[in-house]
Amino acid sequence: MSKPQQAGAVVVHGGAGASRANEDGCVLAARRALAQLEVNGDALDAAVGAVTTLEDDGRFNAGSGSVLGLDGATIEMDASIMDTRGRLGAIACVQSVKNPVRLAYAVADTPHWLLAGDGATRFARAIGMPESAPVSERQRADHRKIMTQLAGSVPVMPGVNNQLFERFWNYNTPLNLPEGVACDTVGAVVRGADGHFAVACSSGGSAPSLLGRVGDTPIIGSGFYAGPQGAVAATGIGEHIVRHLLARTVYGWIEDGMPLDQALQRGIDLFAPEIEVGLIAVSRLDAGACSNSDMPYSKMVQR
């Protein structure tokens, strides 16, 4: 019996907890990824193109839409890429880079797989990556809104407020953040018509967070994974996602033959309902998304 004809497929998400009103941005990103597949058929180029589109959008928590940390002054971003051709790269806590996902792609061409902090930022400067725009008033206003809500009757002090630090730094309980504030991450998974898979993710941080905080986005097997049977990207509160090695766990179920939609739902069911989490994935014959909260996304298949 002949195998069913495989077609290229793309799934893009804009973050668990983000507004579905932003879904047009995901649609545009998915269309650009499909267009890139038509150009050279490379799944990773398509995934990076999709995530770059979301980083440039400004409405998503990545790239130009990244959030300020708890100090109210600093933005630190993470990103990752992986495919079934052996390419793997990630960056963590990078500052002032326009498109962190492209920096993660560049890391894959070095002897390393992960660069962090000042070293990642210096690498970006050395290879001529564009710097990000200055922090906008919208980003500052969003930070003030979050801090005011978290502080309640506690005055918000410059820098790290000790009472806020003690109450919120470790995410032991879900935070009641303003509507539309995503936990972190945008991402894309791609199946090329040639059978190769790729994933790319980017995060503008978690609001609020201490400087140096790293979530699931650049951690292989947690926020992202690609293998011979598919690719998976996760979004949500990274402090919870990493404890389940969520992307690799879901990939393992797909690899074992579980239907993709069932594997995604099983992954979501690992978390309490109040912990926002989302997943997207592609397999050899399917593509899908699942979340326990609002999550803008788009799924497209080549015709």
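The values are calculated or read from the model by the stated rules, or taken from the named source; none is laboratory data. All figures in this text were calculated on a predicted structure; none of them were measured in a lab. A quick note on method: Cβ atoms are made from the backbone with ideal geometry, for glycine too, and the neighbour counts reach across all protein chains shown. With ligands, DNA and RNA removed, areas are computed over all heavy atoms of the protein, side chains included. Shrake-Rupley method; radii C 1.70, N 1.55, O 1.52, S 1.80 Å.
Could you check, for the stretch 121-134, whether at least one of its residues is over 16 Å from the mean Cα position of the chain (by Cα) and either part of a strand (DSSP E or B) or within 20 Å of residue 189 (Cα to Cα) (or both)?
no
Can you name the strands (runs of 3 or more DSSP E) wholly within the stretch 204-288 that have at least 3 residues being out of contact with any Cys (no Cβ under 6 Å at 6 or more places or on another chain) and either without any contact (Cβ under 8 Å) to a residue 40 or more places away in the chain or of a type in the set (A, V, I, L, M, F, W, C) (or both)?
Fully inside the stretch 204-288 and qualifying: 230-236, 277-283.
Return yes when residue 27 is open to solvent by less than 10 Å² (accessible area, probe 1.4 Å) and at pLDDT 95 or above and no when it is not.
no
For the stretch 1-20, which positions are in contact (Cβ under 8 Å) with a residue 60 or more places away in the chain, open to solvent by 10 Å² or more (accessible area, probe 1.4 Å) and more than 16 Å from residue 288 (Cα to Cα)?
Listed by number, the residues that qualify are 4, 17, 19, 20.
Looking at (1) surrounded by fewer than 22 Cβ atoms within 10 Å (Cβ to Cβ); (2) closer than 28 Å to residue 297 by Cα; (3) at pLDDT 50 or above, can you tell me which one residue 171 breaks?
(3)
Looking only at residues in the stretch 208-219 that are β-branched (Val, Ile, Thr) and open to solvent by 10 Å² or more (accessible area, probe 1.4 Å), which one is nearest to residue 85 (Cα to Cα)?
My answer is 219.
Does residue 189 fit the bill of being crowded, with 24+ Cβ neighbours inside 10 Å, over 27 Å from residue 74 (Cβ atoms) and touching a residue at least 24 places away in the same chain (Cβ under 8 Å)?
yes
So residue 76 fits all but one of (1) of a type outside the set (A, V, I, L, M); (2) exposed (fewer than 15 other Cβ atoms within 10 Å of the Cβ); (3) modelled with pLDDT under 95; (4) out of contact with any Asp or Glu (no Cβ under 7 Å at 6 or more places or on another chain); what number is the exception?
Result: residue 76 passes all but (2).
For the stretch 220-251, which positions are open to solvent by 10 Å² or more (accessible area, probe 1.4 Å) and of a type outside the set (Asp, Glu)?
220, 225, 228, 229, 237, 240, 242, 243, 244, 245, 248, 249
For residue 57, which of the numbered conditions (1) within 19 Å of residue 219 (Cα to Cα); (2) surrounded by 17 or more Cβ atoms within 10 Å (Cβ to Cβ); (3) charged (D, E, K, R) fails to hold?
Only one criterion in (1) within 19 Å of residue 219 (Cα to Cα); (2) surrounded by 17 or more Cβ atoms within 10 Å (Cβ to Cβ); (3) charged (D, E, K, R) is unmet by residue 57, namely (1).
Are any residues in the stretch 73-95 in contact (Cβ under 8 Å) with a residue 40 or more places away in the chain, part of a strand (DSSP E or B) and of a type in the set (Val, Ile, Thr), and if so, which ones?
81, 91
Would it be correct to say that residue 107 is touching a Cys at 6+ places or on another chain (Cβ under 8 Å), within 16 Å of residue 201 (Cβ to Cβ) and among the β-branched types (Val, Ile, Thr)?
Here the answer is no, as residue 107 does not meet what is asked.
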